[in-house]
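A.B. asks: I have a structure I would like to understand better, so I am pasting it below and will then ask my questions one at a time.
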Amino acid sequence: MKESARQAAFAARKLAHARDEGAASAALTQALAAYPDQPLAGYWPIRTEPDPRPAMVAHHGPLCLPVVVGAGQALAFRRWHPGAAMEPGAFGAAIPRDRHEITPQILIVPLLAFDARGYRLGYGGGFYDRTLQGLRAAGSVIAIGFAYSAQEVAEVPTEPTDQPLDFIVTEAGFRAF
C-alpha cells in the first residue's frame, strides 16, 4: 500500500515543484523565526523536494545536515554552513565533509506526502522515524515537515514505528498537529 502511495505522491510533488516560485521557502523562513538560536537540521534537496537551504541560511542558530550512517540506523547530523565543503552522500544528497556532529532541536523533514494527523510518507528507509524516536526519547525536538500543499493526502498509510510530525510548512503556510 505504501509503494502505490509513494508513486502518486512523487507525481503530485513534481507538479507542485514546477509551480513553486519560492513561496514554500519563504513560509519556512517565517516559521523558523520562532526558534532562533536553536540547532537546526535541514536537508540537501534531491529530486523535486522543496529546498530548505534559503530558510536555513536565514536561521541564526547552528546548522547541520543529515548523514545516513547505515541501513536500519538513525541519522547522524554534521555541522553545515553556506560554502561548506561537501561530499557525495547516500541517495544523491550531498553531505558536509566536516565530521563534527550536532544534535538538532529543530528538524526539517522531507517527505512525499502528509496527512491531517501529522503523519508523513517518506522514501521507505525509516531513517527519519528512527531518528525522531531517538531524539524524542533523549529530550525535546521539534519535527517540521516541509512540503507543498499538493502533497497532502486523506490518510498516510502508517505502521507502529512511524513518528508523527509536530508541524507542516507548505507554500500555504504553517500548521500544527
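A.B. asks: Please determine, by comparing only the residues of the stretch 119-137 that are open to solvent by less than 10 Å² (accessible area, probe 1.4 Å) and touching a strand residue (DSSP E or B) at 6+ places or on another chain (Cβ under 7 Å), which one is farthest from A150 (Cα to Cα).
C.D. replies: Among them, the one singled out is L132.
A.B. asks: Considering each residue of the stretch 25-63, count those that are under 16 Å from G173 (Cα atoms), hydrophobic (A, V, I, L, M, F, W, C) and in a loop (DSSP other than H, G, I, E, B), and give that number.
C.D. replies: The number of residues fulfilling the criteria is 2.
A.B. asks: Additional query: Kindly list the number of the only condition in (1) under 17 Å from the mean Cα position of the chain (by Cα); (2) surrounded by fewer than 16 Cβ atoms within 10 Å (Cβ to Cβ); (3) modelled with pLDDT of 95 or more that fails for P66.
C.D. replies: (2)
A.B. asks: A follow-up question, please. Pull up the stretch 21-58, narrow it to residues that are among the acidic types (D, E) and crowded, with 18+ Cβ neighbours inside 10 Å, then point me to the one that is nearest to A147 (Cα to Cα).
C.D. replies: Top of the filtered list is E49.
A.B. asks: Looking only at residues that are under 17 Å from the mean Cα position of the chain (by Cα) and of a type outside the set (A, V, I, L, M, F, W, C) in the stretch 1-21, which one is farthest from E171 (Cα to Cα)?
C.D. replies: R6
A.B. asks: Let me ask another. Which residues, taken from the stretch 145-163, are farther than 22 Å from V69 by Cα, surrounded by 15 or more Cβ atoms within 10 Å (Cβ to Cβ) and not charged (D, E, K, R)?
C.D. replies: Residues of the stretch 145-163 farther than 22 Å from V69 by Cα: 146-160.
Cutting the leftovers down to surrounded by 15 or more Cβ atoms within 10 Å (Cβ to Cβ) gives us 146-153, 156-158.
F146, A147, Y148, S149, A150, Q151, V153, V156, P157, T158 - these are the residues of the stretch 145-163 that are farther than 22 Å from V69 by Cα, surrounded by 15 or more Cβ atoms within 10 Å (Cβ to Cβ) and not charged (D, E, K, R).
A.B. asks: Additional query: Need pairs with beta-carbon distance below 6 Å; first residue surrounded by 13 or more Cβ atoms within 10 Å (Cβ to Cβ) and within the stretch 1-16, second hydroxyl-bearing (S, T, Y); sequence gap 6+ or separate chains.
C.D. replies: Going by the 6 Å Cβ cut-off, the qualifying pairs are R13/T48; K14/T48; A16/Y148.
The values are calculated or read from the model by the stated rules, or taken from the named source; none is laboratory data. This structure is a prediction, so every number in the text was calculated from the model and none was measured. For neighbour counting, all protein chains shown are included, and Cβ atoms are generated from backbone atoms with ideal geometry for every residue, glycine included. Note: areas computed on protein heavy atoms with side chains; ligands, DNA, RNA excluded. Shrake-Rupley method; radii C 1.70, N 1.55, O 1.52, S 1.80 Å.
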